[in-house]
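The structure appears right after this line, and notes come after that.
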Amino acid sequence: MAFMKKYLLPILGIFLAYYYYSANEEFRPEMLRGKRVIVTGASKGIGREMAYHLARMGAHVVVTARSEEALKKVVSSCLELGASSAHYVAGTMENMTFAEQFVAKAGKLMGGLDMLILNHITNTPLTLICNDAHLVRRTMEVNFLSYVVMSMAALPMLKQSNGSIVVVSSIAGKVASPLVAAYSASKFALDGFFSSVRVEYSVAKVNVSITVCILGLIDTDTAMTVVDGVFNAKASPKEECALEIIKGGALRQNEVYYDSSALTPLLLGNPGRKIMEFFLLQKYNMERFINH
Ligand SMILES: NC(=O)c1ccc[n+]([C@@H]2O[C@H](COP(=O)([O-])OP(=O)(O)OC[C@H]3O[C@@H](n4cnc5c(N)ncnc54)[C@H](OP(=O)(O)O)[C@@H]3O)[C@@H](O)[C@H]2O)c1
Ligand SMILES: *[C@@H]1O[C@H](CO)[C@@H](O)[C@H](O)[C@H]1NC(C)=O
Ligand SMILES: *[C@@H]1O[C@H](CO)[C@@H](O)[C@H](O)[C@H]1NC(C)=O
Ligand SMILES: *[C@@H]1O[C@H](CO)[C@@H](O)[C@H](O)[C@H]1NC(C)=O
């Protein structure tokens, strides 16, 4: 009976709460109307599709990537599609100063921030890991460190708006992935960092949601070129993928799964991890770190 009280009831509680919350909310495009949103890596691919969806929903958007010409076109399409406002700032996320200042600029352009969508990645060749520590460093800096820098720079604005951080990751951020070891490492790092920060926010009552998106193969030009003849899997459409990411962010979900196989969320959902996280948290004296 003591065992029941100590372990089973809380577990049951967690899962009932989980199902209650996930079943009870429904996405409405109006949720994004007038919201101020940053999308990184938005010159093409999934990022550009997200900018287009947000524009149709009437959001304010600031997009970024390196290629200025492509960003100009994205901004003018966003304005045609109905964005409340649309701007771009071009630069490389290899430069952490740029990453930080970009968030400040975007915040000024929109008068605050409701949603930070982190989506860009550095070029990822499919290759056996070789003597190229530079590639690993660049991958960790662009795919991981710049996400950390930007989320820290955005936090004061996100606290003010009860906003959201949306992190675009991959199945390679949950399972071993040959030929993309550095990419996989950067995506695992995002999971470790942002899942830990999510727990800190919940304990500290910081009402900023963190959504990590686990995507399967998506039919962007980049991905289709890179996997050609090497990796055989069914690719899902980038337009729908982009919409699912925005929905998950707006509904403040912890994770979004989007893959051609319906088994993926079941296999990667990992109840063991959730239970461990719940019980480990009980062992911390978090009080000491929280300002009342
Ligand atoms: N497509 C897939 O199959 C797939 C699967 C799982 C996860 N994902 C994830 O989905 C996200 C988007 O992927 P995608 O397929 O849409 O990629 P994509 O089409 O290649 O777009 C990548 C974006 O990042 C920008 N970028 C590249 N290097 C940059 C740098 N150094 N600094 C700043 N921006 C840079 C690119 O623009 P510029 O070149 O102009 O800078 C572009 O806008 C990524 O996080 C990826 O890991 C994709
Ligand atoms: C990094 O970005 C900042 C801000 O945009 C810029 O002033 C600086 O020159 C950049 N550094 C490099 C090495 O390009
Ligand atoms: C944020 O949420 C708090 C409750 O947690 C509420 O009092 C406040 O009005 C909200 N602020 C905004 C801008 O929605
Ligand atoms: C957190 O913010 C969201 C969005 O504004 C709001 O719906 C929710 O009630 C807030 N939660 C708490 C606990 O204040």
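Read-outs: derived from the displayed coordinates by stated rules, not from any lab. Note that the structure is a prediction, hence the values are computed from the model and not measured. Every residue, glycine among them, receives a Cβ derived from its backbone with ideal geometry; neighbour counts consider all protein chains shown.
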Options Tyr257, Tyr284; residue that is surrounded by 16 or more Cβ atoms within 10 Å (Cβ to Cβ) and not in a helix (DSSP H, G or I)
Tyr257
Ala154, sole failed condition from (1) buried (at least 21 other Cβ atoms within 10 Å of the Cβ); (2) away from ligand 4 (no atom under 16 Å from the Cβ)
(2)
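Let's see how each residue does on (1) in contact with a Pro (Cβ under 7 Å, 6 or more places away or on another chain); (2) farther than 19 Å from Val61 by Cβ; (3) assigned to a helix (DSSP H, G or I):
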residue	(1), (2), (3)
Glu94	no, yes, no
Thr97	no, yes, yes
Lys108	no, no, yes
Leu116	no, no, no
Ile121	no, yes, no
Thr124	no, yes, no
Leu128	no, yes, no
Ser169	no, yes, no
Using the structure shown, decide if Ser209 is farther than 23 Å from Ile38 by Cβ, in contact with a Gly (Cβ under 8 Å, 6 or more places away or on another chain), in contact (Cβ under 8 Å) with a residue 12 or more places away in the chain and crowded, with 19+ Cβ neighbours inside 10 Å.
no
Residue among Ser209, Ser177, Ser260 that alone is more than 16 Å from ligand 3 (Cβ to nearest atom), under 30 Å from Ala55 (Cα atoms) and not hydrophobic (A, V, I, L, M, F, W, C):
Ser260
Residues being out of contact with any Asp or Glu (no Cβ under 7 Å at 6 or more places or on another chain), within 16 Å of ligand 4 (Cβ to nearest atom) and not acidic (Asp, Glu): count how many of those fall in the range 28-51.
5
